[in-house]
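The values are calculated or read from the model by the stated rules, or taken from the named source; none is laboratory data. Nothing here was measured: the structure is a model prediction, and the numbers come from that model. When the accessible area is computed, the model is the full protein with side chains, heavy atoms only, and any ligands, DNA or RNA have been set aside. Shrake-Rupley method; radii C 1.70, N 1.55, O 1.52, S 1.80 Å.
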Amino acid sequence: QVHLVESGGGLVQAGGSLRLSCAASGSIFSITAMGWYRQAPGKQRELVAQIRAGGSTNYADSVKGRFTISRDNANNTAYLQMNSLKPEDTAVYYCKVWRVGTDYWGQGTQVTVSS
């Protein structure tokens, strides 16, 4: 089992910044990637950013140039730095861990961007 603890969500004005954290514990061996999804009301959950074990990253087109994902391997924590936030970034953000055999999800953290 992998346990994920997310933090860092909140309310921010458009143009502002937030940083999300996702700390993994438990059976963290064989983790192949960490990342973030988001789900806005009435919409499907979508991939925002992913960082693989080797350090390569990929981003949704809508956040490229504004969001940066990073990972502290020593502490098994992933971060999502979100800059130049827009109202359309409002959603529940979920951390996800890809692990050989099973994937794990965090409980979600609300990000609200006011105009």
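The figures follow:
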read-out: Between region 41-93 and region 1-26, the alpha-carbon center distance in angstrom; value: 10
read-out: Surface share of carbon and sulfur [accessible, 1.4 angstrom probe, percent] for region 1-103; value: 48
read-out: Rh by Kirkwood over Cα pairs, then Stokes-Einstein D for region 1-110 at 1.306 mPa s and 10 °C, µm²/s; value: 114
read-out: Probe 1.4 Å - accessible area at Lys43, Å² to nearest ten; value: 140
read-out: Integer Hz, Karplus 6.51/-1.76/1.60 couplings in order for region 67-73, x for Gly and Pro; value: 10, 9, 9, 9, 8, 9, 5
read-out: Probe 1.4 Å, accessible area per residue of the chain, Å²; value: 51
